[in-house]
Amino acid sequence: MIAVKPQPPILLVEDNPMDMDLTLRAFNKRKFSSTIHVARDGEEALAWMARWEAGEGLPSVILLDLNLPRVHGLDVLQQLKDHPRFRRIPVVILTSSREDSDLKSAYDLGVSSYIEKPVSFSKFIEVAERIELYWCVLNERPY
């Protein structure tokens, strides 16, 4: 019998309860097999770094909102990309911001992808499906 290796978790960094619920429901609708951890602000997101340092498994991808309380999403991205081990974790900005300055800043800091949050649930399911397929199944992780 072949042992199936469990998928690493996803870290969702989202402060808006409605967007968080929409994202979790979209992944649940897809029968997603990985655990999804949630950080509700930038400080909670950064607190995961200590947990990873202590040996907790790294996520396959971080879904990061930009407009977060306590620590802005771009600052979270900066700290992740400044860390010698965590800089390799793919970070996908999932935000409602269409600001060119946010888009450019995110890519300047090393974001893996920038996705505008879909408005409809059906579009959110499509985004979840693509994230799951690419970042959790097809993408090879260097850690």
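Surrounded by fewer than 20 Cβ atoms within 10 Å (Cβ to Cβ), farther than 18 Å from S33 by Cβ and without any contact (Cβ under 8 Å) to a residue 40 or more places away in the chain: is that true of V91 in this structure? Criteria not met by V91. If the condition is being under 15 Å from the mean Cα position of the chain (by Cα), without any contact (Cβ under 8 Å) to a residue 40 or more places away in the chain and outside any helix (DSSP H, G or I), then segment 115-133 contributes I115, E116. The combined condition, being farther than 23 Å from L58 by Cα, touching a Ser or Thr at 6+ places or on another chain (Cβ under 7 Å) and not polar (S, T, N, Q), is not fulfilled by K104.
Throughout, read-outs are computed from the coordinates displayed, never taken from laboratory work. Keep in mind it's a predicted model, so treat the numbers as computed, not measured. Every residue, glycine as well, gets a Cβ built from its backbone with ideal geometry; the counts of neighbours run over all protein chains shown.
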